[in-house]
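**Student:** Okay, here's the structure, questions in a sec.
The values are calculated or read from the model by the stated rules, or taken from the named source; none is laboratory data. The structure displayed is predicted, hence computed values, not measured ones. Positions of Cβ are backbone-derived with ideal geometry, glycine not excepted, and every protein chain shown enters the neighbour counts.
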Amino acid sequence: MQGYLKRILTARVYDVAVETPLEVASDLSARTGNTILFKREDMQPVFSFKLRGAYNKMAQLTPEQLKRGVIAASAGNHAQGVAMSAHRLGCKAIIVMPTTTPQVKIEAVKHFGQRSVEIVLHGDSYSDACTYAYVLEKEKKLTFVHPFDDPDVIAGQGTVAMEILRQRQAPIHAIFCAIGGGGLIAGVAAYVKQVRPDIKVIGVQTTDSDAMARSLKAKRRVTLNDVGLFSDGTAVKLAGEETFRVCKQFVDEVILVNTDEVCAAIKDVFQDTRSILEPAGALSVAGAKAYAKREQLKGETLVTVCSGANMNFDRLRFVAERAEIGEKREAILAVTIPETPGSFRKFCSLLGKRNITEFNYRYADPAAAQVFVGIQVKNQSETTDLIDKLQRNKLPALDLSDNEMAKLHLRHLVGGHAPDAKDEIMFRFEFPERPGALMNFLNSMSHNWNISLFHYRNHGADYGRVLVGMQVPKSDKKALKTFLDALGYRYWDESDNPAYRLFLG
């Protein structure tokens, strides 16, 4: 491995790449009780570390090879690195990308490559794209620029470690790197273990794309049948041959994290930096948090390589939805309450001053009501305490926070027709989003009116929006008008809305 040390020290990356900052994550450090450092590879010109390895490989090619052109397969970030390198070196490049690649990465490849790059979309994963790229390589006599399984690429990525150790000379407990095919962690480990062998090098993968973790455990390369695509930058079915060899010798362990934990890590980085990482870019942060919790670490220094920030904007909706759950700061509960006037308000009072993030309820049974509710909590123990409190007050509660069907689908489907909801009227309300506003609304209601539908979701906006169905007898119309006027919130009568008639009425 002595060869890698020299390769890394002499790597040609700084013609196009920059030395990225190593920043203290103040908020995350305070919450974990350790010093968490972000190595900001998302600040590279192509918003990813991949530029380092791609350029180092291409800079070593002969003039004849550059004249013929290069080909690469990539889920996006390596593609941008090859595109920018091709433009800089004046050679043509064909880049094969999976059909699942986020559009933001496809557009970025076009931008960085300008007129030097031809994009071919093929297959559902990196592995599918790579197989096809090898076919084109032979057909067109091009030079293949591998995204990870190449010594020059690995050496280019290893310059990340060279910078970290130069920037942080104080003790470091561990460095965390995302793993797809293994190029980044192989380069980091090869350098760190020869210069500072006391520092742990820990890989991080998602539970549904863990080829390297399985390979290290089996002591042979393991091919996955399929991979999860949320962290598209690490969706690799088979780790590289060379990267596996290096990781087997130098990587201390690989930690697995789930989608919710990655979403929480994206939020953590945003809170500290106001930057938004892609899922693969935040894997290292999720892994460092999981490791610190498992080992009960305090007062240690953990470095996380924030490896990329190329994410489609529309994916943020899903990330925001799942981040609080991943951090165990939102509990999703199914609670059974008696279908009697006042029980809804009693339930809300038991929740106390906790922020309600979601409320879904539809009248279905004259005896009992099923409420789907999201509540902001500090940790898992607070969720447990709340469930115990509800049980003591004869309100059976079920924790759905880890129920994938509930999180993905059920929260958007609570509702339906309620033929037995007599005299139902439907109102939409808008009120300033502040603590206590929801309880103020419920406390203002007449005890004689049964709530037959309730839907509320905190969207992080200035105004909260609630859809409420109430069973109000015709004789109470005047009292209803008095209630609405006294409430002081903007409202709209939706009783004749065709959407309500079709799906809820």
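**Student:** Say we look at the range 58-75 and pick out the residues that are among the charged types (D, E, K, R) and out of contact with any helix residue (DSSP H, G or I) (no Cβ under 9 Å at 6 or more places or on another chain); which of these is nearest to residue 99 (Cα to Cα)? Break it down into steps so the answer makes sense when it comes.
**Tutor:** As a first pass, look at the range 58-75 and keep what is among the charged types (D, E, K, R): 64, 67-68.
Imposing the further condition that a residue be out of contact with any helix residue (DSSP H, G or I) (no Cβ under 9 Å at 6 or more places or on another chain) reduces the set to 64, 67.
Numbers: 64: 32, 67: 28 Å.
Among them, the one singled out is 67.
**Student:** For the range 152-162, check the following and say yes or no: at least one residue is among the acidic types (Asp, Glu), surrounded by fewer than 24 Cβ atoms within 10 Å (Cβ to Cβ) and in contact with a helix residue (DSSP H, G or I) (Cβ under 8 Å, 6 or more places away or on another chain).
**Tutor:** Yes, that holds for at least one residue.
**Student:** Tell me yes or no: at least one residue of the range 98-108 is under 20 Å from the mean Cα position of the chain (by Cα), within 18 Å of residue 153 (Cα to Cα), part of a helix (DSSP H, G or I) and of a type outside the set (A, V, I, L, M).
**Tutor:** No, that holds for no residue.
**Student:** Within the bounds of the range 395-405, is there any residue that is out of contact with any helix residue (DSSP H, G or I) (no Cβ under 7 Å at 6 or more places or on another chain), farther than 30 Å from residue 492 by Cβ and modelled with pLDDT of 85 or more? Working first, answer last.
**Tutor:** Of the range 395-405, the ones out of contact with any helix residue (DSSP H, G or I) (no Cβ under 7 Å at 6 or more places or on another chain) are 396, 398, 402-405.
From what's left, farther than 30 Å from residue 492 by Cβ: 396, 398, 402-405.
Subset that is modelled with pLDDT of 85 or more: 396, 398.
Yes, the range 395-405 has at least one match.
**Student:** If you don't mind, another one. Name the single residue that is surrounded by the most Cβ atoms within 10 Å (Cβ to Cβ) among those in the range 1-34 being part of a helix (DSSP H, G or I) and among the basic types (Lys, Arg). Working first, answer last.
**Tutor:** Start the filter on the range 1-34 by keeping residues that are part of a helix (DSSP H, G or I), which leaves 2-9, 26-32.
Retained after the next criterion (residues that are among the basic types (Lys, Arg)): 6-7, 31.
Numbers: 6: 10, 7: 21, 31: 15.
Result: 7.
**Student:** Moving to a separate point now. Among the strands (runs of 3 or more DSSP E) lying completely within the range 292-385, list those that include at least 2 residues that are surrounded by fewer than 19 Cβ atoms within 10 Å (Cβ to Cβ). Lay out the reasoning, then the answer.
**Tutor:** On the way: elements: 301-306, 330-338, 356-362, 368-376.
Those strands (runs of 3 or more DSSP E) span 330-338, 368-376.
**Student:** Say whether the condition of being surrounded by fewer than 24 Cβ atoms within 10 Å (Cβ to Cβ), hydroxyl-bearing (Ser, Thr, Tyr) and either without any contact (Cβ under 8 Å) to a residue 60 or more places away in the chain or within 18 Å of residue 304 (Cα to Cα) (or both) is met by at least one residue in the range 265-286.
**Tutor:** yes
**Student:** If residue 297 satisfies all but one of (1) without any contact (Cβ under 8 Å) to a residue 12 or more places away in the chain; (2) more than 14 Å from the chain's Cα centre (by Cα); (3) not assigned by TED's automatic domain parsing to the domain that holds residue 396, what's the number of the condition it fails?
**Tutor:** With (1) without any contact (Cβ under 8 Å) to a residue 12 or more places away in the chain; (2) more than 14 Å from the chain's Cα centre (by Cα); (3) not assigned by TED's automatic domain parsing to the domain that holds residue 396 applied to residue 297, the lone miss is (1).
**Student:** I'm trying to understand the selection: among the residues of the range 181-200, which are buried (at least 24 other Cβ atoms within 10 Å of the Cβ) and under 17 Å from residue 288 (Cα atoms)?
**Tutor:** 184, 185, 188, 189, listed by residue number.
**Student:** Right, next: Being modelled with pLDDT of 80 or more and in a strand (DSSP E or B) is the filter here; which residues of the range 431-461 pass it?
**Tutor:** We begin by selecting, within the range 431-461, every residue modelled with pLDDT of 80 or more; these are 449-455.
If the condition is that a residue be modelled with pLDDT of 80 or more and in a strand (DSSP E or B), then 450, 451, 452, 453, 454, 455 are the ones that fit.
**Student:** Sticking with this structure for a sec: Looking at (1) assigned to a helix (DSSP H, G or I); (2) surrounded by 13 or more Cβ atoms within 10 Å (Cβ to Cβ), can you tell me which one residue 391 breaks?
**Tutor:** Result: residue 391 fails condition (2) only.
**Student:** Next question. Could you run through the range 34-68 and say how many residues are more than 21 Å from the chain's Cα centre (by Cα) and closer than 17 Å to residue 175 by Cα?
**Tutor:** The initial filter retains those residues of the range 34-68 that are more than 21 Å from the chain's Cα centre (by Cα), namely 34-35, 45, 51-68.
Next cut, closer than 17 Å to residue 175 by Cα only: 34-35.
Counting residues in the range 34-68 that are more than 21 Å from the chain's Cα centre (by Cα) and closer than 17 Å to residue 175 by Cα gives 2.
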